[in-house]
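Read through the structure below, which is laid out as structure tokens, and then see the notes.
The values are calculated or read from the model by the stated rules, or taken from the named source; none is laboratory data. Just so we're clear, the structure is a prediction, and the values are computed from it rather than from any experiment. Here Cβ is always computed from backbone atoms with ideal geometry, including for glycine, and neighbour counts include all displayed protein chains.
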Amino acid sequence: MTSGSILAAASSLYMVLVALLLGSFINLAADRIPRGESIVRPPSFCRGCRRRLNAVDLMPVAGYLVRRGRCASCGGSIGASALIVESAAGLAMVVPLAALGPVAGGLLGASLVVLLGAVVVSLALVRARGGSPAKSDLDRG
Ligand SMILES: [Zn+2]
């Protein structure tokens, strides 16, 4: 391996980790914004038992798998959206990086992660208002 390819691999790995963490944040935002809660404070906690989440809980994708989708304290469901959104954010970075390399792939991947965040939070807001846009169209008729 040349130093250039090592640098490319390290920067790609870093971008995937950032994408996974952004996926975790997107999931938090989609949970809190429709409730009118802050996305900064308090730190992440279980909605069942109010336990503050630790480093294991907060690992994107891996935390969900280690906990088997359940809170370590109360056994309440974490919700599959955490796994789905974090995985989607990771894939949104991995696929462009693999196809286009660290520069173009990183730019496209970052754009896709931002787009994912906008879509997921928007869908959460629509759902919180009680249904899909199509349903409210029907209601109007
Ligand atoms: Zn709990």
Say whether the condition of being in contact (Cβ under 8 Å) with a residue 24 or more places away in the chain, among the small types (G, A, S) and assigned to a helix (DSSP H, G or I) is met by at least one residue in the range 1-11.
yes
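Here's the yes/no breakdown for (1) under 30 Å from A8 (Cα atoms); (2) in contact (Cβ under 8 Å) with a residue 12 or more places away in the chain; (3) aliphatic (A, V, I, L, M); (4) surrounded by 12 or more Cβ atoms within 10 Å (Cβ to Cβ):
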position	(1), (2), (3), (4)
V40	no, no, yes, no
C46	no, yes, no, yes
L58	yes, yes, yes, yes
V61	yes, yes, yes, yes
L65	yes, yes, yes, no
C71	no, yes, no, yes
A80	no, no, yes, no
A124	no, yes, yes, yes
Determine, yes or no, whether P60 is in contact with a strand residue (DSSP E or B) (Cβ under 8 Å, 6 or more places away or on another chain) and either modelled with pLDDT under 95 or more than 13 Å from the ligand (Cβ to nearest atom) (or both).
no
